[in-house]
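Derivation of every value follows stated rules applied to the coordinates shown; laboratory data play no part. Keep in mind the model is a prediction, meaning the values are calculated, not measured. We place every Cβ from the backbone using ideal geometry, glycine too, and count neighbours over all the protein chains shown.
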Amino acid sequence: MNPREVWPAGILVLWALAGLVAPWLSLEPNAIHLERILESPMTGGGLGFDDPGRPLLDRLIAGPATSFLVAFWVVGLSSIAGTLIGSFSAYAGGFWDRLLVHVIDLFLAFPGILLAIALAGILGPGIENVVIALTLVGWVGYARLARAQVLSLKTRDHVLAAIALGVPRARIVRAHLLTLISAPLIVEASFGIAAVVVAEAGLSFLGLGVQPPEASWGSMIRDGTRYLLVAPHMVLVPGLAMVAVVLAVNLLGDRLRDRLDVRGGA
Amino acid sequence: MRLLLRRLIATLGVVLGVVVLVFLLIHLIPGDPIDVMLGESALPADREALRHALGLDLPLLEQLYNYIDGLLHLDFGRSLHSQRPILELLVERLPATLELTAAAFAITLALALPLGLLAAARRGTAWDHGAMSFSLIGVSIPHFWLGPLLILVFSLWLSWLPVSGREGVGAVILPAITLGTALSAILARMIRSSVLEVLSEDFIRTAYAKGLSRRQVLLRHALPNALLPVITILGLQLGALLAGAVITETVFSWPGIGLLTIEAIQSRDYPVVQACVLLIALSYVLINSLTDLVYALIDPRIRIGIRVGAGA
């Protein structure tokens, strides 16, 4: 492994680990220590305490479990749905493909996070609704990518040969097309994870995601903005963690893109 | 001319689709929207009155017809919360959002142009690495953290700028930086790769061969050509700016459309939410269509219908 990939990979491993094992650690993210309210990391222990006196270190470690869950479901659902819809429509062509292009154009007419904010706001706060909102917004990108890829592949010789041999449609899409378009889709999904994590944090920051007292880095930043002057650590701790993770994903995503030689999103 | 007409029809189609989608938003409310707005303990008479006022007792198609008819007369309905016409609220809040996005856009260009150009001109040097590191960090910092961070440093610690609101000179600076940083990071990167691509073309060698200075070649020959592909991306990214304004305005209590959206969501004032989303989405559609047109106007290759690059 390239030495320049070590630290971003390390951060992501830590993050994933926190997301996966947090429930089994004896964390007390919601334990209230009234005598330690807003205590800073300098005087208190660990990473300091927040406004009701909850330990920030425990909340920081407990947070990724939520974002992780959301990212898992959103990226999973939207990439599968988007890829299937996009590739079948490109392969089938005709009316369905034209319809899909219009639907994609329509969804792209909304700046992504705006539609997510509106949907989450209207569906009501909560994790399930965040997943629904982000999936409804997210599938379009995968559908567009899969469609474009399949369009450029469907006249290749091996596909034409499969058609000539009478291979069923579903099998052609699965065996001859999806395998070839998986590389750019994996890159898209890797960026997608970072995007979903930021979007979830953004929605939680706006009060539309995770509901108190549950911890999410976004809601921790939200809690902290009210105590910026007296307890800046409440905003700095989750924010730095968040930037580190997104930075790591972007760095590794770049490398992955270089390695798989996929052309940029431009 | 035909291009213009085709674009116009396509844009109208998208606009209609956006309107229908925004109209349908209110029907996505789980259960009875009236319950959500008034609470389940509301009196039956009040519920029916609201249902009637919102037209929710009519068949869906008739509701849609009324909604579009209202929009054509610039009638967005009334706010459930303040009872004021929504158009009034929008007009009141729009200038703040325009000021914020314009300032953010100015900051974006002021940062991205020199950074991208410098990185390309000094490819592989410390300048390049520095600019690209800035770009990487810039895209990785979310608005909702950069905002509080800037408030902490420049408002609370240094007391240079106001914490929030739109009062006084300089109030727009921090929100604009918050909103513009990510975009300038993305743009700097694009300008760099676009300039690098142009620099490898024959006419650049010709320009050098006829004795032009490096500066002249970069500014007069490379930059204008490199900016062409950047413009299309810019349109899309301006939309991201409008959406980012929702979070940025919330962070800074900046009294624009974005803050209005969040306030309306919090007070379950769904007609206002619909109107705000519609306004932002339609501005986005408009900006993108204009970008396409500008692109066609300044690049003759597109005007005469030759496809450039990998068109779908």
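Overview of results
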| item | result |
| --- | --- |
| Neighbour-count ranking [beta-carbon atoms within 10 angstrom, fewest first] of B:Asp57, B:Asp202 | B:Asp202, B:Asp57 |
| Paramagnetic reach from B:Arg7 in the range B:254-293 [backbone N under 12 Å; point 7 Å along Cα→Cβ] | B:286-293 |
| Orientation-averaged projected area, Cα convex hull of the range A:164-232 (nm²) | 7.2 nm² |
| Residues B:Leu50, A:Leu206, B:Leu219 arranged by fewest to most Cβ contacts within 10 Å | B:Leu219, B:Leu50, A:Leu206 |
| Whole-number D in µm²/s for the range A:1-133 (Stokes-Einstein; Kirkwood sum over Cα pairs; 25 °C, 0.890 mPa s) | 132 µm²/s |
| Computed log₁₀ I(q)/I(0) - Debye formula, equal Cα scatterers, no solvent, the protein assembly as shown, q 0.08, 0.11, 0.13 Å⁻¹ | -0.61, -1.17, -1.58 |
| Cα centroid of the range B:163-215 to Cα centroid of the range A:116-162, whole Å | 31 Å |
| Cα-based Rg / Dmax (Å) for chain A | 21.7, 77 |
| Estimated FRET transfer efficiency when R0 is 45 angstrom, pair B:Ala49-B:Leu286 (beta carbons, to 0.05) | 0.80 |
| Segment A:Leu14-A:Ile37, length gained on full extension (0.36 nm per residue, minus Cα span) | 5.5 nm |
| Alpha-carbon Rg/Rh ratio, for the range B:2-72, with Rh computed the Kirkwood way | 1.16 |
| Angle between chain B longest axis and helix B:60-72 axis [Cα atoms, degrees, rounded to 10] | 60 degrees |
| Zero-based 5 Å bins, Cα pair distances in the range B:90-154, whole percents | 3, 14, 15, 20, 18, 13, 8, 4, 2, 1 |
| Rh (Kirkwood; distinct C-alpha pairs) - chain B, Å | 22.4 Å |
| Between the range B:1-32 and the range A:19-37, the alpha-carbon center distance in angstrom | 47 Å |
| Added length on full extension, which subtracts the Cα-Cα distance from 0.36 nm per residue, B:Ala102 to B:Asp32 | 21.2 nm |
| Per-selection metrics, the range B:94-255 (Cα): Rg and Dmax in Å | 17.9, 56 |
| Label point distance in nm, B:Ala110-A:Arg174, each placed 7 Å from Cα along Cα→Cβ | 5.8 nm |
| Exposure proxy ranking, count of Cβ atoms within 10 Å, fewest first, for B:Ser155, B:Ser194 | B:Ser155, B:Ser194 |
| Net lengthening on full extension, B:Ser159/B:Trp127 (0.36 nm per residue, minus Cα-Cα) | 8.3 nm |
| Hydrodynamic radius of the range B:1-128 per Kirkwood, over alpha carbon pairs, in Å | 19.3 Å |
